[in-house]
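Each value in this text was obtained by applying a stated rule to the coordinates, not by laboratory testing. From a predicted model like this one, the values you see are computed outputs, not experimental measurements. Counting neighbours? That spans all protein chains shown, and the Cβs are built from the backbone with ideal geometry, glycine included.
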Amino acid sequence: MECKIKMGLFRITVLLWCLSALYSVCVAAEYYASTTGNDTAGTGSISNPYKTIQYILDNMSTSDDTIILREGTYNENIRIRN
């Protein structure tokens, strides 16, 4: 009987871990940066990107997010804090 309880708890733990991993993948976002973008009016989408990489790092991104750089030269200093 004790073995069945331990196995049940193990299965619940594994299920919860899998659900939390799936949730983090589903919540991840993609942010676009372009040298012709706008940090004030941009939304981070492909059609309305942000201008600077640092703006995305400071204001938008989490550890699971992706920053996609459009073509161009980004003349800025980048500081990754986390």
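Once you place label points 7 Å from the Cα toward the Cβ at THR43 and ALA28, how far apart are they in nm?
Using points 7 Å along Cα→Cβ, the separation is 2.3 nm.
Which of the trypsin sites (Lys or Arg not before Pro) across region 41-82 are loop residues per DSSP, with 15 or fewer other Cβ within 10 Å?
Of the trypsin sites (Lys or Arg not before Pro), the ones in loops of region 41-82 whose Cβ has at most 15 other Cβ atoms within 10 Å are ARG70, ARG79, ARG81.
Could I have the simple spin-label model distance between THR35 and ARG11, label points 7 Å from Cα toward Cβ, reported in nm to one decimal?
5.8 nm
Does region 28-82 classify as rounded, prolate or oblate by the C-alpha gyration tensor (a ≥ b ≥ c root eigenvalues; a/c under 1.5 gives rounded; else a/b over b/c gives prolate, otherwise oblate)?
Oblate, because a/c is 1.5 or more while a/b does not exceed b/c.
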